[in-house]
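One structure below.
Every number in this text was worked out from the coordinates using simple rules, so none of it is lab data. What you see is a predicted model, and the numbers here were worked out from it, not measured in a lab. Backbone-built Cβ (ideal geometry, glycine too); neighbour counts: all protein chains shown.
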Amino acid sequence: MWAMISKEFRELRRDRRTVAMMIVLPVVLLVVFGYAANFKVSDIPAVVVGPGASQAASLLPEPTFRVIEVDPAAGEPAARARLRDGKAVVAVVTGSGAPLILMDGSQLFSVQTAEAALGKMAQKGAGVSPRVEILYNKDLSTSWVMVPGLAGLILVFIGTLITSLGVVRERQAGTLEQLAVMPFRAWDVIVGKIAPYLIVAAVDLVVIVVIGMAVFHVPFAGNAGTFALGAALFLLVTLGMGVLVSTVSQNQGQAIQLAFMLVLPQVLLSGLIFPVSSMAVGVRWISYLLPLTYFIEISRGVMLKAMPVSDLWEPIGLLAVLAVAVLGLAVFRFRRDLAPGRPKDRAAGRAQQPVAS
Amino acid sequence: MKWGLRGVDAARGRDLVLAGVTMPVDPSRVTVVVGGDGAGKSTCLKVLVGLLAARSGTVRRPPKERIGYVPATAGLYADLTVQENLDFSATAYGLSGRDYSRQAGRLLEQTGLGRARRRLGGQLSGGMQRKLAVGMALLHAPDLLVLDEPTTGVDPVSRAELWRLISAAAAAGTAVAVSTTYVNEAARAAVVVLLEAGKVAASGSPAQILNDVPGVIGVMDGAERPTALAWRRGVTWRVWDPAGALPQGARPVAPDFEDAVVAATLASEHREQGR
């Protein structure tokens, strides 16, 4: 038995990635869960408008609410606009009669926490009971919020995991080497390799959205073109991640490990489950590096809130930047695999490639 | 020298893996690169097809469209059928229509894979996989065919069939470079390049290599290995001495090609140690 134990430890020591996964991952998970996975939401961004704005703002308890704007001159339309562009989750409109509280139903946990906090205030007898109106997701349906996010998560799986497996399979079988000798340009191989996954993922996305609409009655309030633009950029990022994973993996096992390490943080930190705004600053910056964070903003924004492209330029632009960066790096590395000898050959000026007679 | 390497140095990272290697590969001829594991055979062929850059020396190769290459690993798609594998190769090399169906038909017949058309590459036996890979590399009738250990781990019948394919390609005018660990296969070549630790230990036609055997080879009986420069052949020992001073009890013998190759390898090692 001792022979087995010592052999296993030796093997494990050589497999640095598995060791990293066994030691680093639990620590990362603990930290992430500790700071990010917070069912008790705080820092809910709120705006208060209308003549009684200042007074109402002072009533909102901290740290549950974070009042980002107090504007006595503004009215209900401005409040609604703030919710729609995603700057605030809660808007209090004061004026004659009971105040109106608007909430962004696409932020499920935040709204539930806000409702609870306001309920407590009412019990304490804070005077007039406000009217509450929940926008975009009246019934606070979980599936309405989850389906647009899950669509993104599934694309991460296909894009990153399946693509990396496809490319690594080619490397493992030795056919990548053969492709490098065949009369393909590096670009032909890269596009040829990625395009099928892009198409499958796009079809998948349509299927998910249609099922979400048909089975869970998730609305599609906004513009399909905006959604398609965001999805296309997001897909390019995830495919780029897949190719990148494949260029640093020697076999499918390694690729799966690495892809898993890229997928897991996106599940926890992208805002799919826990709102990004209430994460500790120490982990929140990670969220802003993850493409799923932006895709969820876009998909929920378009499907539930009918946000126009003009309100979504920020996540769309950031996805575009990520796409260029990740895909660019991936293509650069993949090209090196495909033509390892070529640039040096030419630089040395010694190798001759005469045209066949 | 139409194609091939001349005085090529190549490195992997900081290690020099080829030093001054010259390997001519000419049309209608088969050049066999022979040597032990790690001698630099695959590296030699990778430099020839352009997968690895030469650090110095001259590499002559036709353009990619005119090369057929099969790496040491299978070199085919396990999840595609035999026919689909051939189709992929044909499309990649721009073959179409009648040319393709005639070539494919002939190759399927030559390789005996005609009945296996619909079988998946991964379900074929090792020998059949190698035949298919060589067939795929031959489909576009390349000027230069480069095969990295096509017969390693293949049964004798399939090996003979693979060599028939290789010879037929050379007869049709293709320049062929093949690496192998089997010395007897090298005897079929027009040119043999014997590699040892990244250097050419001997090269030329099999007759030349046989003729140029350095030192003297003897035959000896006995259970114990008589000297460090001895190897088993059947029930007897072969002994080799660079200066011709055979140990006592050894009878001089006219070497065959296998003896010549082993003696040349030993001579190369001997020279290295002498430095």
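Within 10 Å of each Cβ in peptide B:52-60, how many partner chain Cβ atoms are there on average? Round it to a whole number, please.
Numbers: counts 4, 12, 6, 3, 2, 3, 3, 7, 4.
Partner Cβ neighbours, averaged per residue: 5.
Take every DSSP beta bridge whose two residues both sit in the protein assembly as shown, then give the antiparallel share in percent to the nearest 5.
Numbers: 32 of 65 bridges.
Counting DSSP beta bridges with both partners in the protein assembly as shown, the antiparallel share is about 50 percent.
What ³J(HN,Hα) values, in whole Hz, does the Karplus curve 6.51 cos²θ - 1.76 cosθ + 1.60 give for the range A:220-232 when θ = phi - 60°, with x put for Gly and Pro?
Using θ = phi - 60°, the values come out as 10, 7, x, 8, 5, x, 4, 4, 4, 4, x, 5, 5 Hz.
Counting partner chain Cβ atoms within 10 Å of every residue's Cβ in A:177-188, what's the average? Show your work: numbers first, answer last.
Numbers: counts 10, 16, 1, 7, 13, 11, 9, 2, 1, 0, 0, 1.
Per-residue shielding by partner chains comes out at 6.
Suppose a student asked you for the relative contact order of chain A, using Cα pairs under 8 Å spaced at least 6 residues apart; what percent would you report? Can you show the working numbers first?
On the way: 510 pairs, mean separation 69.2, N = 357.
RCO, chain A: 19 percent.
Under 8 Å for C-alpha pairs, at least 6 residues apart: give me the relative contact order for chain B, rounded to a whole percent.
Values: 541 pairs, mean separation 60.7, N = 275.
Across chain B, relative contact order equals 22 percent.
Between A:101, A:48, A:123, whose Cα lies farthest towards the positive end of the dipole of the range A:44-135 when Lys and Arg beta carbons carry +1 and Asp and Glu beta carbons carry -1, centred on the Cα centre?
My answer, from the dipole projection, is A:123.
For each of A:248, B:261, count neighbouring Cβ atoms within 10 Å of the residue's Cβ, then give the residues from fewest to most.
Working: A:248 13, B:261 25.
Taking fewest neighbouring Cβ atoms as first place, the list is A:248, B:261.
For the pair residue A:2 and residue A:40, what calculated FRET efficiency results from E = 1/(1 + (r/R0)^6), where r is the Cβ-Cβ distance and R0 = 45 Å, to the nearest 0.05?
Numbers: r = 49 Å, r/R0 = 1.10.
Plugging the Cβ-Cβ distance into 1/(1 + (r/R0)^6) gives 0.35.
For chain A, what is the charge dipole size about the Cα centre, in debye to the nearest 20, if Lys and Arg each add +1 at the Cβ and Asp and Glu each add -1 at the Cβ?
Details: 30 positive and 22 negative charges, 248 e Å.
Using Cβ point charges on Lys, Arg, Asp and Glu, chain A gives about 1200 debye.
Can you give the percent of C-alpha pairs in chain B whose distance is more than 26 Å? Walk me through the numbers before you get to the answer.
Values: 17589 of 37675 pairs.
Considering chain B, 47 percent of its Cα-Cα pairs are separated by more than 26 Å.
Stretch residue A:76-residue A:248 to full length: gain in nm at 0.36 nm per residue minus the Cα-Cα span? Can you show the working numbers first?
On the way: separation 172, 0.36 × 172 = 61.92 nm, distance 5.35 nm.
Going from the current span to full extension adds 56.6 nm.
So if I place +1 on the C-beta of Lys and Arg and -1 on the C-beta of Asp and Glu, and nothing else carries charge, what would the dipole magnitude of the protein assembly as shown be about its Cα centre? I want it in debye, nearest 20.
Values: 62 positive and 48 negative charges, 171 e Å.
Approximately 820 debye in magnitude.
Any idea which of A:154, A:310, A:219 is furthest toward the positive side of the dipole for chain A, if Lys and Arg beta-carbons carry +1 and Asp and Glu beta-carbons -1?
A:154
Taking a point 7 angstrom from the Cα of residue B:91 along the C-beta vector, which residues in the range B:38-68 have backbone N less than 19 Å away?
Taking a point 7 Å out along Cα→Cβ of residue B:91, the residues of the range B:38-68 whose backbone N falls under 19 Å are B:65.
What percent antiparallel are the DSSP beta bridges of chain B, to the nearest 5?
The answer is about 60 percent antiparallel.
Tally Lys and Arg at +1 and Asp and Glu at -1 over the other residues with C-beta under 15 Å from the C-beta of residue B:226: what net charge comes out? Could the numbers behind the result be given before it?
On the way: positive: B:225, B:232, B:233, B:238, B:251; negative: B:221, B:224, B:241.
In short, +2.
Would you mind working out the magnitude of the charge dipole of the range A:44-135 relative to its Cα centre, with +1 at each Lys and Arg C-beta and -1 at each Asp and Glu C-beta, to the nearest 20 Debye? Kindly include the intermediate steps, with their values, before the conclusion.
Values: 8 positive and 8 negative charges, 23 e Å.
I would put it at about 120 debye.
What is the mean projected area of the alpha carbon convex hull for the protein assembly as shown, to one decimal in square nanometres?
On the way: hull surface 158.4 nm².
The orientation-averaged projected area of the Cα hull of the protein assembly as shown comes to 39.6 nm².
What is the calculated FRET efficiency for residue B:212 to residue A:260, with r their C-beta to C-beta distance and R₀ = 41 Å, to the nearest 0.05?
Values: r = 59 Å, r/R0 = 1.43.
Efficiency for this residue pair is about 0.10.
Which of B:46, A:120 has the fewest other C-beta atoms within 10 Å, and how do the rest follow up to the most? The partial results should precede the final answer.
Working: B:46 27, A:120 12.
So the residues, fewest neighbours to most, are A:120, B:46.
Counting other C-beta atoms within 10 Å, which of A:274, A:109, A:33 has the fewest, and how do the rest follow?
Values: A:274 22, A:109 19, A:33 13.
Least to most surrounded, the residues fall as A:33, A:109, A:274.
With the dipole of the protein assembly as shown worked out from charges on the C-beta (+1 for Lys and Arg, -1 for Asp and Glu) around the Cα centre, which of B:189, A:72, A:190 lies farthest toward the positive end?
Towards the positive end, the residue furthest out is B:189.
Of A:40/A:120; B:41/B:64; A:120/A:305, which pairs sit farther than 19 Å apart, going by alpha carbon to alpha carbon? Walk me through the numbers before you get to the answer.
Numbers: A:40/A:120 15 Å; B:41/B:64 21 Å; A:120/A:305 28 Å.
Over 19 Å apart, Cα to Cα: B:41/B:64; A:120/A:305.
Within a 10 angstrom radius of each residue's Cβ in B:137-148, how many Cβ atoms of other chains show up on average? Whole number is fine. Intermediate values should be presented prior to the final figure.
Numbers: counts 3, 0, 0, 2, 0, 1, 2, 1, 0, 1, 0, 2.
Other-chain Cβ atoms within 10 Å of each residue's Cβ, averaged: 1.
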